[in-house]
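Have a look at the structure below, then the notes.
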Amino acid sequence: MPNTDNTGSDNQVLPVFPLQRVVFPDSVLRLQIFEQRYLDMIARQLSNNQGFVTCLIKKGNETGIPATPFSCGTYVEIVDFDQREDGILLITCLGKQRVTINSTSTLPDNLISGNVSFLENLPQELIGEQQHELISLLTDLGKHPQVEILEAPERWQHMDFIVERLTEFLPVSEPQKQAILEESQLETRIAMLYQMLAWLK
């Protein structure tokens, strides 16, 4: 894992995986890898005991010509993998820390390499009494078969975790989720979340 002790100070070069979804710290991400460039990248990162950076696509697609990603993304670590008989690699990743992509370059195999700075994750602030309805809402969302939430019961008492999980799974656009990922103030994120909930009523 990259050294993130000096958050925001040391730049590191890591592969960038553009996606059609926003990944937050503590997100569970499952991917099916079949393009050779990403098969090679995953093998290389596993051998180096490193993860990679995921970013929402601003322009382009997940396959083919390299996409243009947003500049704020999330460093993820590979926690499980399995190779199917047809060659497709199934990997499970866990979001660890937000990053800013300072610059990118496209390698000969069309893999995107990014110079990134690590950002501080939001503080683990306990949820207030008046916000317990958010836990109930997340509990209801967690019953959906396509919703996968990290098994960390103690985190359900932290506002940052609840806000990120609700943002991740609410039926709002990915750019709206990206706006919350980019926001570094918890109180502003909470206000943005309540605004989204008001839109959905």
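The values are calculated or read from the model by the stated rules, or taken from the named source; none is laboratory data. Not measured: the values here are computed from a predicted model. In this analysis, Cβ positions are derived from the backbone assuming ideal geometry, glycine residues included, and neighbour counts consider all displayed protein chains. The area values use the complete protein model at the heavy-atom level, side chains included, leaving out ligands, DNA and RNA. Shrake-Rupley method; radii C 1.70, N 1.55, O 1.52, S 1.80 Å.
Rounded to the nearest 10 degrees, the inclination of helix 186-200 to the longest alpha-carbon principal axis of the chain is 80 degrees.
When you restrict to C-alpha pairs under 8 Å that are six or more residues apart and normalise by the size of the chain, the relative contact order lands at 23 percent. Of all the options T100, T54, T92, the one that moves most in a Gaussian network model of the chain with Cα springs shorter than 10 angstrom is T92.
Stretched out straight at 0.36 nm per residue, the stretch from D10 to T188 would grow longer than its current Cα-Cα span by 61.4 nm. Per the Debye calculation on the chain with a single equal scatterer at every Cα and no solvent contribution, log₁₀ I(q)/I(0) for q = 0.11 Å⁻¹ amounts to -0.52. In this structure, the pairs whose alpha-carbon distance is over 22 Å, taken from K143/K201; K58/K177; K58/K201, are K58/K201. Based on the alpha-carbon gyration tensor of region 121-201 and its eigenvalue square roots a ≥ b ≥ c, which shape applies: rounded if a/c is under 1.5, prolate if not and a/b is larger than b/c, or oblate? Because its axes are fairly even, with a/c under 1.5, region 121-201 counts as rounded. Please label the shape of region 40-140 as rounded, prolate or oblate, based on the square roots a ≥ b ≥ c of the eigenvalues of the alpha-carbon gyration tensor (a/c under 1.5 means rounded; beyond that, a/b larger than b/c means prolate, else oblate). Judged from the Cα gyration tensor, region 40-140 comes out prolate (a/c at least 1.5, a/b above b/c). Counting only protein heavy atoms and a probe of 1.4 Å, the accessible surface of the chain is 49% carbon and sulfur.
Database remark: amide H of Q97 closer than 5 angstrom to the amide H of Y75 (H placed geometrically; neighbours at sequence offset of 5 or more, or on other chains; Pro and chain starts carry no H). Here H132 and W199 are evaluated by their C-beta separation; at R0 = 25 Å the FRET efficiency comes out at 0.70.
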